[in-house]
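Read through the structure below, which is laid out as structure tokens, and then see the notes.
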Amino acid sequence: MDSEKIGKLIKDIRTKNNLSQQKFADRYGVTYQAVSKWENGKNIPDIAILKEICNDYNIDLASLLDEKETVTKKPQKKLFFVSFLVCGLIIILLLGVYLKKNNDFNFKTLSPNCSNFNLYGSIAYNDLKSSIHISNITYCGGNDEKEYKKITCVLYESDDKTKTVISENSYFDDNRTKKLDQFLKDVDFVVDNYKNKCKIYKENSLYLEIEAVDLEDNITAYHIPLKLDDNC
């Protein structure tokens with residue numbers, strides 16, 4: 001997904017409808033800072049919110065999610081009229097099936113199977129590909145006021161035998177520290193073209209791991225299983 005393209009579109013929608021960033025944010029249950037990040041191409045809305053925006057303003061969601069263009073090559077050899085017509089019809093039928101599969105996206109919500117964290121998460125998928133988006137991660141397990149010099153947040157997928165890193169966000173600075181909530185507010189996972197079928201994802205096969213190291217080299221770790229809202 002092209003974050004700059006989406007950001008430009010959102011800003012255009014907001015200004016044409018005479019909405020401030022705060023009013024636009026209130027409409028979709030986010031902060032005005034989130035809207036500012038969208039418009040500057042630093043972040044993109046959660047898939048569910050993006051779908052709602054597209055529905056509200058009659059925008060083709062598939063054209064935003066899929067940047068590839070289909071190119072039809074001209075035949076290099078002349079064919080008899082009848083053969084050409086038959087081949088053309090076959091190509092049109094096959095192209096129609098391809099485009100339908102490529103543009104007909106389904107959406108599933110990802111949520112933490114853990115009481116200490118909240119987040120916005122979703123999987124957008126069709127028969128050809130799927131994308132994962134996770135943002136707005138917040139810690140709600142109490143007041144963690146520790147200062148950390150190193151924090152990592154990793155998105156994994158696992159099965160019975162393997163553990164695969166999908167994406168990672170990290171912070172490390174020997175001279176400056178961050179609290180956990182300061183780090184998490186800037187963490188976003190946008191993974192395109194990861195798997196081609198949603199049903200590959202098993203229950204709790206996706207999860208986040210957070211590891212934070214304080215100034216005394218003590219390690220605080222969190223394991224956050226992610227679950228789909230229903231089966232694919």
task: Pairs only if they're at least six apart or on different chains, beta carbon under 9 angstrom, first in the range 171-196 and more than 21 Å from ILE44 (Cβ to Cβ), second in a loop (DSSP other than H, G, I, E, B) and open to solvent by less than 40 Å² (accessible area, probe 1.4 Å); list them, first residue then second.
output: LYS179/ASP144; LEU180/ASP144; ASP181/ASP144; ASN196/ASN126; ASN196/LYS129
field: Hits in the range 106-127 (condition: outside any strand (DSSP E or B), more than 20 Å from LEU180 (Cα to Cα) and open to solvent by 30 Å² or more (accessible area, probe 1.4 Å))
entry: ASP127
query: Here is a list of conditions, (1) over 28 Å from TYR207 (Cα atoms); (2) at pLDDT 65 or above; (3) surrounded by fewer than 15 Cβ atoms within 10 Å (Cβ to Cβ), and ASP2 meets all of them except one; can you say which number that is?
result: (1)
- prompt: Any chance the range 47-56 includes a residue that's outside any loop (DSSP other than H, G, I, E, B) and touching a Gly at 6+ places or on another chain (Cβ under 6 Å)?
  reply: no
- prompt: For the range 163-174, what are the residues that are part of a loop (DSSP other than H, G, I, E, B) and at pLDDT 85 or above?
  reply: ASP173
Complete set of residues in the range 150-175 that are out of contact with any strand residue (DSSP E or B) (no Cβ under 6 Å at 6 or more places or on another chain) and open to solvent by less than 40 Å² (accessible area, probe 1.4 Å): SER158
message: Is it the case, given these coordinates, that ILE210 is assigned to a strand (DSSP E or B), modelled with pLDDT of 85 or more and in contact with a helix residue (DSSP H, G or I) (Cβ under 6 Å, 6 or more places away or on another chain)?
response: no
query: Out of the range 119-136, which residues are of a type in the set (Phe, Trp, Tyr) and in contact with a helix residue (DSSP H, G or I) (Cβ under 7 Å, 6 or more places away or on another chain)?
result: TYR125
- request: Consider THR138 carefully, then state whether it is open to solvent by 20 Å² or more (accessible area, probe 1.4 Å), farther than 27 Å from VAL30 by Cα and under 25 Å from the mean Cα position of the chain (by Cα).
  value: no
Those residues of the range 23-48 which are open to solvent by 80 Å² or more (accessible area, probe 1.4 Å) and either under 16 Å from LEU61 (Cα atoms) or of a type outside the set (Phe, Trp, Tyr) (or both), in sequence order: LYS23, ASP26, ARG27, GLN33, ASN40, LYS42
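The values are calculated or read from the model by the stated rules, or taken from the named source; none is laboratory data. All figures in this text were calculated on a predicted structure; none of them were measured in a lab. Every residue, glycine as well, gets a Cβ built from its backbone with ideal geometry; the counts of neighbours run over all protein chains shown. Side chains are part of the model used for accessible areas, which takes the heavy atoms of the whole protein and leaves out ligands, DNA and RNA. Shrake-Rupley method; radii C 1.70, N 1.55, O 1.52, S 1.80 Å.
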